[in-house]
Amino acid sequence: MERTDAWDDALHVVELSRPTLKDSTEALIRRALLSGAMRPGEIYSANALAARLGVSNSPAREAMMSLANKGLLQLVRNRGFRVVELTDRDRQEVYDLRRLVEVEAVRRVAESGVTAEDAVLLRRLTEETVAAAAADGMLEYLEADQRFHAALVGLLGNARWTAIVENLRDQSRINGSYHLQERGLLESSAAEHRGITEAVVGGDPELAAERMVRHLDYARP
């Protein structure tokens, strides 16, 4: 495998401390996918990844099967797993679904109202994304961005809804497919979280939905 620096960036933050070794391994591989250390179209064997991560073959394969079920990898019989390459149609499908489920989630959260504690959480996560964007660390920004959106949708109290949103976001961001950094949109995208948060905290569902639609425009194919 190549791109040692990318692998180091992807792996150094996550420790093997999740509920199971499979969960920890999946988190590591997911970061490698988001960082571009694992490149679309290339095939990776469970054995090779296990050696890279310093784990046994079993949790590596289980983690890769889980990621295949989430649409991030494709099983290639007798060879390993190929990193998914999104076509323009794939991106359009993901974008359309995000418009449906993520915008509606934000509208409902704003309509239901949030507690003072939830408001503090959303504002903290918002500023974490802004700080990560300002530091120009793409992978850390993606993780902070995911935490913000997951927490926001999570206020609905619907675990399946949150999981769907997280999965759609991961599918669309393999290997930095939005190219926010290259397009000079990283900091402006992060700053949009402030407007979304304040609309939600202010209990304005239509404004919150409108701002989320605008925020998702960067993901439009």
- request: Let me know the charge dipole size of the chain about its Cα centre in debye, to the nearest 20, where only the beta-carbon of Lys, Arg (+1) and Asp, Glu (-1) is charged.
  value: 820
query: So what are the ³J(HN,Hα) numbers for the stretch 150-162, from phi and the Karplus equation (6.51, -1.76, 1.60; θ = phi - 60°), rounded to whole Hz, Gly and Pro as x?
result: 5, 5, 5, 5, x, 5, 5, x, 10, 4, 5, 4, 4
statement: Taking Cα atoms only, helix 205-215 is inclined relative to the longest principal axis of the chain by an angle, in degrees rounded to 10, of 40
message: Taking 0.36 nm per residue of sequence separation and subtracting the Cα-Cα distance, how much length would be gained by fully extending the chain between ALA151 and SER188, in nm to one decimal?
response: 11.3 nm
statement: Exposed-loop cut sites defined as GluC sites (Glu not before Pro) in DSSP loop states with at most 13 other Cβ within 10 angstrom; longest site-free run of the chain spans 43-181
- line: Along the dipole axis of the chain (charges at Cβ: +1 for Lys and Arg, -1 for Asp and Glu; origin at the Cα centre), the most positive-end residue among PRO205, THR20, ALA50 is ALA50
task: Scan around VAL114 for amide H atoms under 5 Å from its own, H built in the peptide plane at 1.01 Å from N, and keep only partners 5 or more places away or cross-chain.
output: none
message: Compute the angle between helix 186-201 and the longest alpha-carbon principal axis of the chain, please, reported from 0 to 90 degrees and rounded to the nearest 10.
response: 50
message: Suppose a student asked you for the relative contact order of the chain, using Cα pairs under 8 Å spaced at least 6 residues apart; what percent would you report?
response: 24
query: Hey, got a sec? Which trypsin sites (Lys or Arg not before Pro) in the stretch 37-96 land in a DSSP loop and have at most 14 other Cβ atoms within 10 Å?
result: ARG77, ARG79
message: Relative contact order for the stretch 52-179: what percent, with Cα pairs under 8 Å and sequence separation of 6 or more?
response: 26
- request: Mind checking which of VAL130, PHE148, ALA163 is farthest towards the positive end of the stretch 118-169's charge dipole, using Cβ charges of +1 (Lys, Arg) and -1 (Asp, Glu) about the Cα centre?
  value: ALA163
- line: accessible surface per residue for the chain, probe 1.4 Å, DNA/RNA/ligands not counted, whole Å² -> 49
query: Hey, got a sec? Which trypsin sites (Lys or Arg not before Pro) in the stretch 106-205 land in a DSSP loop and have at most 16 other Cβ atoms within 10 Å?
result: ARG183
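The values are calculated or read from the model by the stated rules, or taken from the named source; none is laboratory data. Computed from a predicted model, the values in this text were never measured in an experiment. All Cβ positions, even for glycine, are placed from backbone atoms using ideal geometry, and neighbour counts span all protein chains on display. With ligands, DNA and RNA removed, areas are computed over all heavy atoms of the protein, side chains included. Shrake-Rupley method; radii C 1.70, N 1.55, O 1.52, S 1.80 Å.
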